[in-house]
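First comes the structure, then the notes that go with it.
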Amino acid sequence: MNIIVITGASSGMGREFAMQLDRGLKTIDEFWLIARRVDRLKEISNSMHHRVKILPLDLTQETDVLLFREVLQEEKPVVRMLINCAGYGMMGDFCDVPMEKQSGQVDLNCRALVEMTGACIPYMRKKSRIIQLASSAAFLPQPGFAVYAASKSFVLSFSRALREELRKKQIYVTTVCPGPVKTEFFDIAEQYGTTLAIKKYTMVDAERVVREALAASSKNRPMSVCSLPITAFWAMTRVMPQDPVIFLTRVLKERNQ
Ligand SMILES: NC(=O)c1ccc[n+]([C@@H]2O[C@H](COP(=O)([O-])OP(=O)(O)OC[C@H]3O[C@@H](n4cnc5c(N)ncnc54)[C@H](OP(=O)(O)O)[C@@H]3O)[C@@H](O)[C@H]2O)c1
């Protein structure tokens, strides 16, 4: 049985990946959709043409990740694609955001992503694909978004190294690093802080990010950086010394308040 596993499938980009792949792929037997909100997953599943297995899991809970491993062991599918979208960010100065919300970002964005990747690889075959949702926040430390940016740097670094390790097995890894995307992400992110005004001008739709990410993955590209301003930002962070850019981010954040 050929499957696609999508974490964070109940909204935003995870949902969009499910929708676009449902329309485009004929060789997949089942989609496994993972998130906590089961009602949302059911709604999405009802609108899809493929068979769907709904896995209402909280990936910050060890027991839920273990449950996922058990389902894999029982069903022994071929994982054709793993898309790790589950994640959240909390804006605001480090000391102003409750610690469980800060460390929760590390639990979900980093630990759960590593565990889901590790659980799926043994079930992958030649030309299976992994898509990891990082962010343009991965390119640089960000005052006012410190833990989130660090967690996404982790995702980018881990995934680019993993890509090289998996080259011999012909398992393809693509890391997606968009700037701001119109999703429910900001409902959670802005509880203790606000988005920099400059970021609002570079906001793109989930549809475009996902379309470009799937195209990059099918061509086995290492990264997908959606939109021209974010590509320019990425290039700038490669050539400029980091300190002045971090300083500028802090100044912009203070002006924003
Ligand atoms: N939106 C942006 O501007 C942006 C930009 C760059 C990168 N990203 C990254 O892209 C990914 C998708 O974000 P999005 O914009 O699509 O946001 P979103 O609409 O808020 O989606 C986040 C998804 O993660 C799931 N999730 C949250 N906590 C979970 C948990 N403990 N266990 C399992 N699933 C959990 C949510 O489902 P439940 O609540 O139902 O569990 C939801 O399906 C994230 O990794 C995010 O960091 C977002």
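A few remarks follow.
- Its Cα centre serving as origin, the chain has a Cβ charge dipole (Lys and Arg +1, Asp and Glu -1) of approximately 1180 debye.
- Relative packing of peptides 171-181, 113-123, 37-47 - highest average C-beta neighbours within 10 Å first: 171-181, 113-123, 37-47
- Three-way shape call for the stretch 173-257 based on the alpha-carbon gyration tensor, with the a/c threshold at 1.5: oblate
- Given +1 at the Cβ of Lys and Arg, -1 at the Cβ of Asp and Glu and no other charges, the dipole of the stretch 26-95 around its Cα centre is 340 debye to the nearest 20.
- Alpha-carbon Debye profile of the stretch 2-256, log10 I(q)/I(0) at 0.12, 0.16, 0.17 Å⁻¹: -0.68, -1.21, -1.37
- Positive end of the dipole of the stretch 2-256 (Cβ unit charges, origin at the Cα centre): among Pro141, Asn256, Met48, the Cα lying farthest that way belongs to Met48.
- Taking the charge dipole of the stretch 2-256 about its Cα centre, with +1 at Lys and Arg Cβ atoms and -1 at Asp and Glu Cβ atoms, the residue from Leu72, Asn2, Asn220 reaching farthest to the positive side is Asn220.
- Summarising the amide proton neighbourhood of Val204: residues at separation of 5 or more, or on other chains, whose placed amide H is nearer than 5 Å comprise Val181, Lys182.
- Amide hydrogen neighbours beyond the local backbone of Tyr192, cut-off 5 Å, H modeled: Met91
- Mean separation of Cα contacts under 8 Å (6+ apart) over length of the stretch 68-194, as relative contact order %: 34
- Between the stretch 66-115 and the stretch 22-53, the alpha-carbon centres lie 19 Å apart.
- Reachable lysines from Lys53, criterion Cα separation under 21 angstrom, eight or more residues apart if same chain: Lys26, Lys42, Lys76
- Structural descriptor for the stretch 117-257: relative contact order 29 percent, calculated from alpha carbon pairs under 8 angstrom and at least 6 residues apart.
- Shape of the stretch 1-122, Cα gyration tensor, a/c cut at 1.5: prolate
- Counting only DSSP H runs of at least 4 residues, each contributing -39500 (n - 2.57), and dividing by the residue count of the chain, the helix-based mean residue ellipticity at 222 nm comes to -14000 deg cm²/dmol.
- Ordering of 214-223, 235-244, 85-94 by packing is 85-94, 214-223, 235-244, highest average first (other Cβ atoms within 10 Å, averaged per residue).
- The string of couplings for the stretch 223-235 from the Karplus curve (6.51, -1.76, 1.60, θ = phi - 60°) is 9, 10, 10, 6, 6, 5, x, 6, 5, 5, 4, 4, 4 Hz, one whole number per residue in order, with x for Gly and Pro.
- Gyration tensor over alpha-carbon atoms, the stretch 112-214, equivalent ellipsoid semi-axes in Å: 28, 15, 12
- Dipole of the stretch 2-256, positive direction: furthest Cα of Val38, Gln170, Gln61, with charges on the beta-carbon: Gln170
- Packing around the peptides 64-72, 20-28, taken as the average count of other Cβ atoms within 10 Å per residue, puts them in this order, highest first: 64-72, 20-28.
- Nearest 10 degrees, 0 to 90: helix 146-165 Cα axis against the chain principal axis: 50
- Rounded to the nearest 10 degrees, the inclination of helix 206-218 to the longest alpha-carbon principal axis of the chain is 60 degrees.
- Assuming charge only on the beta carbon of Lys and Arg (+1) and of Asp and Glu (-1), the dipole of the stretch 109-257 about its Cα centre is about 740 debye to the nearest 20.
- Only lysine pairs 8 or more places apart, or on different chains, with alpha-carbon atoms under 26 angstrom apart are counted in the stretch 84-172, and they number 8.
Bear in mind these aren't lab numbers, they're just calculated from the coordinates by the rules spelled out. The model shown is predicted, which means the values in this text are computed figures rather than measured ones. Glycine gets a Cβ as well: all are built from the backbone with ideal geometry, and neighbour counts include every protein chain shown.
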